[in-house]
């Protein structure tokens, strides 16, 4: 059976199965029939008869309404059917089903909720080129010629064309005439050569016998003419004639203007324009014609004169003849065949200076043929049909979607022919439109090629539009105008019908060429609506182009979508199949929305029509209906996952609602259903969240089981599960962000579930990682703790997940979410964001605290195992021989720390490594402190020296040139206390005593007026080697007696005693002043001292005030200290000082001296300083004791 019979049988079966949809399917049936036309026309016709009988009268009526239909007789009706290729439609249906099944198989189980990240690919409808399919869809299947040219008519047209050619051949060069004759021969190539040559000879003979050319010229205007009248103006007019070349040569002729030449009989014909009064820029727009014989040697001569007729006043006596204004000569050979408008410069007689500008239009035509307008119209049409028939032909026949461009020779020939038969530009455009429409019915033309024709019609239609005077006279309309209006209306109806089916015809705009074709049709339709001849015949409903196109859009979209539903969604399907098919349908709609907005809408907007708004309103209505049908019974959890995919797709479609013009919705009185599409899925969201949680945990479990080591940017090793966990977090967050649930209360509930899911993921992952660390062994053969890679990876993993959890607020963009929550006011006035933030913070802080506790547990294992192994090296350091270098003694400890702690530094994340490092440093400092306390103190004990060096080396080691612990942490209070203690422990006793003397002087500098003042002066006599200290007075001394007074006296000392042995052989003191707190002494005490003694470091002058007690020991009141280096020497004035009394504090140097029990120098110094200490037991009842006791407490 042939292809045609197969298609026809399919069509018959379709009609019988669906009688209720017969009238809507007739057009499709006709498409099937049309495509099969060709060699089997009779079989097709018989089958078509059978179909019509099956369909009945209603279908026959529908067939009659189909435009552009071919009559049974084979002739052309006014309109011809343009169809969608049925082959394309059938293959689209089959391919769509195949592609849907393939998409179902490609759903990935390892994606959250089973959703693939890749966009679905739109099914291809054909293997053929898409542009070819569209052209087939826009091509008629009529297999006839587009003209009715018989051989006899062709010979007549050829004869008249040759006669025209010979009439105007003098206007062109030999080469141009040769090319033109060859082109005419090609046009009429169907005529035998002998016949063509015979016709050519006859035409030439007739042309030579009666050869006349006519110059048709229009004088339009002149500008900037010279002023010849008193008023600064002129009264210009034109004088025109045709001059031979010899007339132009003034050397041979004694006359130099047209008037004189005519008076002498040198020229036969002239033309004069009207006179324009009082202007230098006249407008004439006057036309004249003159016969010419030889354009190659003849000139058009135009002279402008100022008329002096009808002068008034004094001017009529002064001006007796017209004044010359300027002239121009133009060789007629330069006039193109189509004529041209030129602006020429006017010159004077002799100077050739510019005298203004003249604008004219010139055209050279052959002898006018006096025929009836119908004959001229028909002759021009026949010639144009011959030209188009030749130009559109290819080796395979006439071109499909021909661009209808004609070569230059054809245009010249048509212009000459139009001029000969008095065919106006409007008539030529009307003829050309009629022929191209006939061509389009058979072979199709490129639609944009009609635009220029329509523009010409619009520009010249005023020539035939009825005026107010004759608007009621029907007979005044030229015969061809009725045909033109008919053609314009047929073209309008055709394009409007295309617009009603544009989604099918242009293949859903998948390619750039489809948009280009659509644009061509819309532009042509827009051009049609600019032609008043057509608009005058339209009804009120048809006059508004926007309304026409909007109605076409609203008709095309439902038709396309219903066809899509019929193809993609069979009526008898399970609920699961319905969801799958509906998902594919929604994806197709989403792609079409994108194309419509990005590609189609801008094209319609060029003509001021909103395409997307009516398109989207139609899509909204149909999607809502299908969604309610498919989502009503969504079925199992698997179907629930499919609903999420549908939700995302509809969400993308709903986003396009923002692009709709609100005024359109208002004018149509419609509301979009898709803006509240979330209501369609209310029952689905809990299923989505539960499935998301379950799938994430399953993937997390698989990730931990399939762990592999990966490196990060800082080279710290992770396992792949940590990276996967972060990805799972982001996947859950992405799921939440894509949900975009509009109800704020429900949204918060879902959001809390999402955060709780993330927290549970963190806890679950941390538990599994910690469980892995318990099975590992972390000791070497000697029982020391050893750091392993698995331990480091475990710590890194948990810390990484903790860090991700802490940054989850930024990932969730809580600030933006909270602002959205607060846009809706609550009944109790409490912001919804405040409740949300409290809950979210509690969840995150609790989860993070749990993770940190797990990290601490693992780190505690490291700490408890690592610290003893490190500390056992400390005793070995002290037990090493004193002769051993410190570097050698410390080396085993450094090596162990480097091997294990260094491994931690390489493998752990920086925060975790520093945590362990800090703990280890604290333990080492504590161990060194304990060792320090066990070492006996003596002057520069070697063990103290070694311990100090070990402490300094280890501090540098732990700092690691700024890559380890910070110096601030290393130099903690505990460390500084040990370092200072070791600093004094390694000093000789003399230096420690001197250091304390420095401390006493420093305490003097910071002393306050708490215990009174002592006023003294001092001076050193180098010659006598005597230090003179004058004790002047005391002031506000403490009351140390029960009477509230004191009996003060002053002792003077030079310290240290081992520096001033002679000065300390006896006690130097003043007299006692009874019962006073402000004693006046005015006593000088002299001490023996050498200059070198006074200049030694740590040498001080110490003055102590006591309260004299008759029956007990004297009470200490306070002391003053002066550095010996500040005592002036003789030759200068004594230095007077006002010193505050103070009680010295036991500094680190003093405490070190106290620890040196076996050092006599230290003990002697302490014994000497003992006198300057306050004894609380003896002075329990004194007021000063209470003061001291209170101060001590503070």
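Please find, within region 561-580, the residue that is modelled with the lowest pLDDT out of those that are in a loop (DSSP other than H, G, I, E, B) and over 38 Å from the mean Cα position of the chain (by Cα).
Among residues in region 561-580 that are in a loop (DSSP other than H, G, I, E, B) and over 38 Å from the mean Cα position of the chain (by Cα), the one modelled with the lowest pLDDT is 572.
Per-residue answers, yes or no, for (1) under 30 Å from residue 166 (Cβ atoms); (2) in a helix (DSSP H, G or I):
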position	(1), (2)
389	yes, yes
406	yes, no
409	yes, yes
413	yes, yes
418	yes, yes
423	yes, no
428	yes, yes
456	yes, yes
462	no, yes
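Sort through 993, 1059, 1000 and tell me the only one that's outside any strand (DSSP E or B), touching a helix residue (DSSP H, G or I) at 6+ places or on another chain (Cβ under 7 Å) and outside the structural domain of residue 1130 (by TED's automatic domain parsing). Steps first, please.
Working: 1059 fails: outside the structural domain of residue 1130 (by TED's automatic domain parsing); 1000 fails: touching a helix residue (DSSP H, G or I) at 6+ places or on another chain (Cβ under 7 Å).
After ruling out the rest, the residue left standing is 993.
Please pick out the residue among 1100, 1136, 1085, 1127 that is closer than 15 Å to residue 1017 by Cα and in contact with a helix residue (DSSP H, G or I) (Cβ under 6 Å, 6 or more places away or on another chain).
Details: 1136 fails: in contact with a helix residue (DSSP H, G or I) (Cβ under 6 Å, 6 or more places away or on another chain); 1085 fails: in contact with a helix residue (DSSP H, G or I) (Cβ under 6 Å, 6 or more places away or on another chain); 1127 fails: in contact with a helix residue (DSSP H, G or I) (Cβ under 6 Å, 6 or more places away or on another chain).
Step by step, each of 1100, 1136, 1085, 1127 is checked, and only 1100 is closer than 15 Å to residue 1017 by Cα and in contact with a helix residue (DSSP H, G or I) (Cβ under 6 Å, 6 or more places away or on another chain).
Would you mind stating whether residue 732 is farther than 18 Å from residue 798 by Cβ, surrounded by 18 or more Cβ atoms within 10 Å (Cβ to Cβ) and within 29 Å of the chain's Cα centre (by Cα)?
So residue 732 passes the test.
Looking at residue 941, is it farther than 30 Å from residue 798 by Cβ, over 60 Å from the mean Cα position of the chain (by Cα) and modelled with pLDDT of 85 or more?
Answer is no for this residue.
Which of (1) modelled with pLDDT under 90; (2) surrounded by fewer than 20 Cβ atoms within 10 Å (Cβ to Cβ); (3) more than 17 Å from residue 1134 (Cβ to Cβ); (4) in contact with a strand residue (DSSP E or B) (Cβ under 8 Å, 6 or more places away or on another chain) does residue 1023 not meet, given it meets every other one?
Going through the list (1) modelled with pLDDT under 90; (2) surrounded by fewer than 20 Cβ atoms within 10 Å (Cβ to Cβ); (3) more than 17 Å from residue 1134 (Cβ to Cβ); (4) in contact with a strand residue (DSSP E or B) (Cβ under 8 Å, 6 or more places away or on another chain), residue 1023 breaks only (3).
If you go through region 267-304 one residue at a time, how many are outside any loop (DSSP other than H, G, I, E, B) and over 60 Å from the mean Cα position of the chain (by Cα)?
18
I need a count of the residues in region 927-944 that are over 14 Å from residue 872 (Cβ atoms) and in a helix (DSSP H, G or I).
Residues that pass the stated criteria total 7.
Mind telling me which of the residues 524, 493 ends up being out of contact with any helix residue (DSSP H, G or I) (no Cβ under 9 Å at 6 or more places or on another chain), assigned to a helix (DSSP H, G or I) and within 30 Å of residue 378 (Cα to Cα)?
493
Condition check: under 19 Å from residue 1138 (Cα atoms) and assigned by TED's automatic domain parsing to the domain that holds residue 1124. Does residue 1026 satisfy that?
Spelling it out, it is not the case that residue 1026 is under 19 Å from residue 1138 (Cα atoms) and assigned by TED's automatic domain parsing to the domain that holds residue 1124.
Given the options 1078, 1041, name the one that is in contact with a strand residue (DSSP E or B) (Cβ under 8 Å, 6 or more places away or on another chain), in the same structural domain as residue 1097 (by TED's automatic domain parsing) and modelled with pLDDT under 90.
1041 is the lone residue from the list that is in contact with a strand residue (DSSP E or B) (Cβ under 8 Å, 6 or more places away or on another chain), in the same structural domain as residue 1097 (by TED's automatic domain parsing) and modelled with pLDDT under 90.
Only one of these is assigned by TED's automatic domain parsing to the domain that holds residue 973 and under 60 Å from the mean Cα position of the chain (by Cα): 897, 935. Name it. Show your work before the answer.
Details: 935 fails: under 60 Å from the mean Cα position of the chain (by Cα).
Criteria check complete, one pass: 897.
Within region 814-885, considering only helices (runs of 4 or more DSSP H) that don't extend past its boundaries, which have at least 1 residues that are at pLDDT 80 or above?
Correct list: 814-822, 832-871.
Considering only region 313-323, I want to know if a residue exists there that is at pLDDT 85 or above, assigned to a strand (DSSP E or B) and touching a strand residue (DSSP E or B) at 6+ places or on another chain (Cβ under 9 Å).
Yes; the residues of region 313-323 include at least one that is at pLDDT 85 or above, assigned to a strand (DSSP E or B) and touching a strand residue (DSSP E or B) at 6+ places or on another chain (Cβ under 9 Å).
Please work out which residue is modelled with the lowest pLDDT, limiting yourself to region 790-813 and to residues that are out of contact with any helix residue (DSSP H, G or I) (no Cβ under 7 Å at 6 or more places or on another chain) and under 19 Å from residue 741 (Cα atoms).
So, considering only residues that are out of contact with any helix residue (DSSP H, G or I) (no Cβ under 7 Å at 6 or more places or on another chain) and under 19 Å from residue 741 (Cα atoms), the one modelled with the lowest pLDDT is 809.
Return the residues of region 1124-1137 that are surrounded by fewer than 19 Cβ atoms within 10 Å (Cβ to Cβ) and not in a helix (DSSP H, G or I); say none if nothing qualifies.
Within region 1124-1137, 1128, 1129, 1130, 1131, 1132, 1133, 1134, 1135, 1136, 1137 meet the criteria.
Residues are listed down the side, and each one gets a yes or a no for (1) at pLDDT 85 or above; (2) surrounded by 18 or more Cβ atoms within 10 Å (Cβ to Cβ); (3) touching a strand residue (DSSP E or B) at 6+ places or on another chain (Cβ under 8 Å); (4) more than 17 Å from residue 996 (Cβ to Cβ):
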| residue | (1), (2), (3), (4) |
| --- | --- |
| 1153 | yes, yes, no, no |
| 1159 | yes, yes, no, no |
| 1162 | yes, yes, no, no |
| 1167 | yes, no, no, no |
| 1177 | no, no, no, yes |
| 1181 | no, no, no, yes |
| 1185 | no, yes, no, yes |
| 1191 | no, no, no, yes |
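Could you check how many residues of region 1063-1116 are under 18 Å from residue 1014 (Cα atoms) and without any contact (Cβ under 8 Å) to a residue 60 or more places away in the chain?
19
What about residue 695, is it in contact with a helix residue (DSSP H, G or I) (Cβ under 7 Å, 6 or more places away or on another chain), within 30 Å of residue 793 (Cα to Cα) and either in the same structural domain as residue 797 (by TED's automatic domain parsing) or modelled with pLDDT under 80 (or both)?
yes
What are the residues in region 534-549 that are surrounded by fewer than 21 Cβ atoms within 10 Å (Cβ to Cβ) and either in contact (Cβ under 8 Å) with a residue 60 or more places away in the chain or assigned to a loop (DSSP other than H, G, I, E, B) (or both), if any?
536, 537, 538, 539, 544, 545, 546
Being in a helix (DSSP H, G or I) and either within 16 Å of residue 418 (Cα to Cα) or touching a helix residue (DSSP H, G or I) at 6+ places or on another chain (Cβ under 6 Å) (or both) is the filter here; which residues of region 159-173 pass it? Full working, then the answer.
Start the filter on region 159-173 by keeping residues that are in a helix (DSSP H, G or I), which leaves 159-167, 169-171.
Answer for region 159-173, where residues must be in a helix (DSSP H, G or I) and either within 16 Å of residue 418 (Cα to Cα) or touching a helix residue (DSSP H, G or I) at 6+ places or on another chain (Cβ under 6 Å) (or both): 159, 160, 161, 162, 163, 164, 165, 166, 167, 169.
The values are calculated or read from the model by the stated rules, or taken from the named source; none is laboratory data. Since the model is a prediction, treat every value here as computed from it, not as a measurement. Here Cβ is always computed from backbone atoms with ideal geometry, including for glycine, and neighbour counts include all displayed protein chains.
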